[in-house]
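What follows is a set of notes on a single structure, which appears directly below.
The values are calculated or read from the model by the stated rules, or taken from the named source; none is laboratory data. None of the values given here were measured: they were computed from a predicted structure. A quick note on method: Cβ atoms are made from the backbone with ideal geometry, for glycine too, and the neighbour counts reach across all protein chains shown. Keep in mind that these areas ignore ligands, DNA and RNA; they rest on the heavy atoms of the full protein, side chains included. Shrake-Rupley method; radii C 1.70, N 1.55, O 1.52, S 1.80 Å.
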Amino acid sequence: MPSTTITTIIQQARTRHRLLLTEVEAKALLSAAGIAVAEARLARTSDEAVALAREVGFPVVLKICSSDVVHKSDVGGVKLNLKTEAEVSAAFAAIMSGVRQAEPTAAVDGVSVQPMAKPGIEVIVGLTTDPQFGPTLMFGLGGVAVEVLKDVAFRLAPLTEHDARGMIREIRGLPLLSGHRGQPAVDFTALERVLVQVSALAEAHPEIKELDLNPIFAYADGCLAVDARIVLQPEGSLSAVRPISATTRTLLDRTFNPKTVAVIGDKRANNYMWLRGQSTFQGKVYSVQIDERELPGIEALGVPNYPSLAAVPDEIDYVMTAVPRQIAPRILKDCVEKKVGGAMFFTSGFSETDDEGKRLEQAMADTARAAGMALIGPNCMGIYHPRIGLRNYTELPAGEPGTVGFIGQSGTHTITFSIAAPYHGVKISKAVSFGNAAVLDASDYLDYLSADDDTHIIGMYIEGVKEGRRFFSLLRQVTQRKPVVIWKGGQSEPGQRAISSHTGSLAVPAAVWSAMVRQAGAIPVDTFDEILDVIKLLQFAKTTTGTGVGLVAMTGGPSVIITDAFARAGLQVPLLSEASYQELASFFNVIGGSFRNPLDSGGTIGMGQSSQNLERLLSILDRDPHIDAIAMDTGAGLVAGHWQTHPQALAGLLDTLANFAERSAKPFFVVLQPFAHEAALLSVREQFHARGIATFPNHDRAARALRFATDYHRFRAGM
Ligand code: ADP
Ligand code: MG
């Protein structure tokens, strides 16, 4: 039984207190897992080595066999292409004396004898255990490609065949594998199989911490690992993934949908922001404050005040607190006694600052966990639920609920998104700023919003997650139902430094993080603009899995530039079908225009005013089989002034475009670039959004948004 062989090898190493397996052990283990290796057998003496070489068949390779030597070549421990018995015994002696010199204290088992493999293209398959994301696979080309160029791809285990295929095709050196200068292509299927096998091995044997197949020789037919290294986990370091609890979902449901709220410790210095935020709240609001000096201000807001939470003559679903950190743990205990659903702490100065802060936060986490209460934060802004008027900032709109949920580790980003989104036609269903995540982490809120019927799209701002594995497996499920757009802060090294003082998150290598996000089918973005743009497109536009874009611009220069932008985003700007060209030729005004794709069409559609020709042109793109999405530059730089003096001109254009957007099954959106007339264009933008058409302030932003949205739908379609 292969699996018992594997377990036996691991146990034997453990018994001998070894964490690094020798190549002989590692290859035996891999072989039992069904992975093709140049089998290595142990020889303790020169005579044994010669005998084994005879059995294996010349030429052979001899290597040092020691669990204390990590890099065998470095100690002169690898002798290749040994063709005779004499060469084998000479190599044995040379290896032994070499290692004695280089590493006098190394415990040496002997040498390994293995067949000399025929040369192939060297690739590397690696497995590491990320402290947060667990077993992570790496693929790259051997030699300088890995060491100097860092040309590698990552995926988290468990790896699907789709993942394996994707990671091999992701490396920049791909052309070297797919048949370079008349060489045959390597056997991709064999490499994919190894990746999946290593992933399965890591899953079945979490005791394996690191594994390196460096190199694997890739051939036109099959592949062979000629070196193998396995490192075991120190015992007792394995921890299982904590599942998402149904209780948490129920708790959050009560906390996000309160009928009664209490604000503790609001004060004039904060301009009573927490109490004033609830002026739109549809349920009951209570204040808890013992500072006499604050009472007149609270009274002026018309909110009943009590000296303690216990004194409030009502059940409380959600508590917002702004008390100093020293008394935060005591206030949390009051919340527990009052049996509230959840409490958020605006208070900062916890794990993001000093040891005392860490201790206080830990104490609060323990209290909340033991009581089964939702602790949000600390160091956060808590919940925004526009439909019921529950706000975490006084400038936020109430009512008018939308379909976009937002989960943010930063209060500012969460609030700013909540404020900005409606200006772009994007309305919020629910948002939460969760700060230090002492108990509830990004995963818990993601799980909650994934089950929330009002939320169709989820945006997240994250600096780090506490339990990466848990987040990954949940994310993978959620993206099957709803798009999740993740804006990660702290991708650069100095940025990571900023994180640890911000919300106390552990830093994850950027490559592992972005591999994780893409592998889970979420949309990874880098900036505020990107998260807003892609969410806007997802909300307004139809969906496609195709990459062909039909482009309409008014004049020559923009036609060129818009094409560059979509090509830069990795999309296609294909030629149209013959039928489309025939039809275009029948009415297109080629003077000062051209109609290949992009369609430089201002002359034909009267800068958007000739609705009949515009309609006709869009319909051609709609019918064209090469076109999957349609973008139009409205020429705002030239026509915005005209729109201002002739509002009916804009109204006519809007009618044509809105009708088309509704009728067409393809994504359609416009670029509305405010070269001048910024103020006037704000209202124009609003009118487009009110008619259900996404607008973008420049070509690149439009193109990138389409690329992200298309990638998501392709992922979902298994492409
Ligand atoms: P190290 O511990 O230094 O990584 P390796 O076992 O990888 O040692 O050997 C060094 C190099 O020798 C490999 O990169 C590969 O090119 C070559 N090599 C190792 N084993 C074999 C083999 N069985 N057949 C052919 N070449 C081999
Ligand atoms: Mg090696």
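Tabulated data for the structure shown
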{"quantity": "Residue that is surrounded by the most Cβ atoms within 10 Å (Cβ to Cβ) [pool: residues in the range 40-49 that are more than 16 Å from ligand 2 (Cβ to nearest atom) and in contact (Cβ under 8 Å) with a residue 60 or more places away in the chain]", "calculated": "ALA49"}
{"quantity": "Residue among SER237, SER245, SER199 that alone is modelled with pLDDT under 95, more than 16 Å from ligand 1 (Cβ to nearest atom) and under 24 Å from the mean Cα position of the chain (by Cα)", "calculated": "SER245"}
{"quantity": "Total residues in the range 633-642, condition part of a helix (DSSP H, G or I) and within 16 Å of HIS689 (Cβ to Cβ)", "calculated": "1"}
{"quantity": "The range 297-322: number of residues that are assigned to a loop (DSSP other than H, G, I, E, B) and farther than 11 Å from VAL285 by Cβ", "calculated": "9"}
{"quantity": "Residues within the range 664-706 that are hydroxyl-bearing (Ser, Thr, Tyr) and under 22 Å from GLU530 (Cβ atoms), tallied", "calculated": "1"}
{"quantity": "Residues of the range 535-572 that turn out to be β-branched (Val, Ile, Thr) and over 23 Å from the mean Cα position of the chain (by Cα), as a count", "calculated": "7"}
{"quantity": "Residue count for the range 541-563, restricted to those that are touching a strand residue (DSSP E or B) at 6+ places or on another chain (Cβ under 8 Å) and either in the same structural domain as GLY411 (by TED's automatic domain parsing) or assigned to a loop (DSSP other than H, G, I, E, B) (or both)", "calculated": "7"}
{"quantity": "Selection status of THR455, open to solvent by less than 10 Å² (accessible area, probe 1.4 Å) and out of contact with any helix residue (DSSP H, G or I) (no Cβ under 9 Å at 6 or more places or on another chain)", "calculated": "no"}
{"quantity": "Boolean, GLY425 is open to solvent by 10 Å² or more (accessible area, probe 1.4 Å), outside the structural domain of SER279 (by TED's automatic domain parsing) and on the phi > 0 side of the Ramachandran plot", "calculated": "yes"}
{"quantity": "Set ALA145, ALA225: member being in contact with a Leu (Cβ under 7 Å, 6 or more places away or on another chain) and either at pLDDT 95 or above or within 16 Å of ligand 2 (Cβ to nearest atom) (or both)", "calculated": "ALA225"}
{"quantity": "Selected residue (criterion: surrounded by the fewest Cβ atoms within 10 Å (Cβ to Cβ)) from residues of the range 70-127 that are within 12 Å of ligand 1 (Cβ to nearest atom) and at positive phi", "calculated": "ASN81"}
{"quantity": "Leading residue by the ranking (nearest to GLU147 (Cα to Cα)) among those in the range 173-209 that are part of a loop (DSSP other than H, G, I, E, B) and open to solvent by 70 Å² or more (accessible area, probe 1.4 Å)", "calculated": "HIS180"}
{"quantity": "Among the candidates ALA507, ALA520, ALA541, ALA567, residue that is within 30 Å of GLU361 (Cβ to Cβ) and modelled with pLDDT of 95 or more", "calculated": "ALA520"}
{"quantity": "Check on HIS162, open to solvent by less than 50 Å² (accessible area, probe 1.4 Å) and either in the same structural domain as VAL512 (by TED's automatic domain parsing) or modelled with pLDDT of 90 or more (or both)", "calculated": "no"}
{"quantity": "Qualifying residues in the range 210-230 (those that are in a loop (DSSP other than H, G, I, E, B) and more than 9 Å from ligand 1 (Cβ to nearest atom)) - the one most open to solvent (accessible area, probe 1.4 Å)", "calculated": "ASP221"}
{"quantity": "Matching residues in the range 14-37 - criterion: being in contact (Cβ under 8 Å) with a residue 24 or more places away in the chain, under 14 Å from CYS65 (Cα atoms) and crowded, with 20+ Cβ neighbours inside 10 Å", "calculated": "LEU21, THR22, GLU23, VAL24, GLU25, ALA26, LYS27"}
{"quantity": "Which listed residue is open to solvent by less than 50 Å² (accessible area, probe 1.4 Å), within 16 Å of ligand 1 (Cβ to nearest atom) and closer than 19 Å to PHE217 by Cα, from LEU62, LEU52", "calculated": "LEU62"}
{"quantity": "Residue within the range 601-615 that is under 35 Å from the mean Cα position of the chain (by Cα) and under 25 Å from PRO674 (Cβ atoms) present", "calculated": "no"}
{"quantity": "Every residue from the range 591-621 that is part of a loop (DSSP other than H, G, I, E, B), open to solvent by 20 Å² or more (accessible area, probe 1.4 Å) and over 15 Å from ALA579 (Cα atoms)", "calculated": "ILE591, GLY592, PRO598, GLY603, GLN609, SER610"}
{"quantity": "Only listed residue being of a type in the set (Phe, Trp, Tyr) and surrounded by fewer than 19 Cβ atoms within 10 Å (Cβ to Cβ), chosen from TYR318, TYR306", "calculated": "TYR306"}
{"quantity": "First in the range 110-139 and outside the structural domain of SER199 (by TED's automatic domain parsing) and within 29 Å of LEU42 (Cα to Cα), second anywhere and in a loop (DSSP other than H, G, I, E, B) and of a type in the set (Lys, Arg), Cβ under 6 Å, 6 or more apart", "calculated": "GLY110/ARG44"}
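Residues are listed down the side, and each one gets a yes or a no for (1) part of a helix (DSSP H, G or I); (2) open to solvent by less than 10 Å² (accessible area, probe 1.4 Å); (3) not assigned by TED's automatic domain parsing to the domain that holds ILE486:
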site	(1), (2), (3)
ILE627	no, yes, yes
ALA631	no, yes, yes
LEU654	yes, yes, yes
ALA661	yes, no, yes
VAL670	no, yes, yes
GLN687	yes, no, yes
ALA703	yes, yes, yes
